[in-house]
Amino acid sequence: MTMRSGKLLLALCLGLISLLAIAWFDRMTAHRTETLRLARSELQTLQLQMNLLQTPDMGLTLAHLEEDLDALRIRLVELLTQHPRPEGVLAVEFEQSILPRALQDAGAETVRVLRLELEMVVQHAVAFLEMLARVDEAVPVWPHEVQACMIHRKTPEGLQLACVLDFYHWQASERQASMPISSELEAMVERAP
């Protein structure tokens, strides 16, 4: 009977070891599958970013993002003084200032706010909207918003407008180069079924 109990105990131990080995193998397989899924997701994200960077307009966009705050100010002055005004815009006056407090971002970048105080005399509202559209075209990459506008009827033929626009500009203290896709990550994805 002792021999039979010993064999039964040995069989139970072998069965338990087998179940533990299967559970361990399942856990390792699930871990490898999750790691592979995350690697594929990261690779797909990087490929989408690479495709975006290779679009024809991206070179111009990146060149604009490399400009400093003075270049943005000059671009706005050129737009308001040297370019022909939209039809219906009778007079344009402006003043630029940089707000004294910069906005702090969570990263290493400091966001400076360039304020443009724009005063215009226009014949109709469409001319005002056309002027704002030209500002949008002149500053395509830097975020900006109209803070406030006051409209007064100056004469029966014209409107006097006073608007405040804020342009947000940042320049990273240290540019971080994008890291190339590691060969290890590519190898993991290629080996996967």
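The values are calculated or read from the model by the stated rules, or taken from the named source; none is laboratory data. Owing to the predicted nature of the structure, the values given are computational and were not obtained by experimental measurement. Positions of Cβ are backbone-derived with ideal geometry, glycine not excepted, and every protein chain shown enters the neighbour counts. In case anyone asks, the SASA skips ligands and DNA or RNA and just uses the protein heavy atoms, side chains included. Shrake-Rupley method; radii C 1.70, N 1.55, O 1.52, S 1.80 Å.
List of remarks:
- Output for the range 121-139, where each listed residue is part of a helix (DSSP H, G or I), hydrophobic (A, V, I, L, M, F, W, C) and in contact with a helix residue (DSSP H, G or I) (Cβ under 7 Å, 6 or more places away or on another chain): 135, 138
- Number of positions in the range 141-167 that are in a loop (DSSP other than H, G, I, E, B) and open to solvent by 80 Å² or more (accessible area, probe 1.4 Å): 2
Results for (1) at pLDDT below 85; (2) within 22 Å of residue 156 (Cβ to Cβ), shown as yes or no for each residue.
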site: 77; (1), (2): no, no
site: 84; (1), (2): no, no
site: 88; (1), (2): no, yes
site: 110; (1), (2): yes, no
site: 119; (1), (2): no, yes
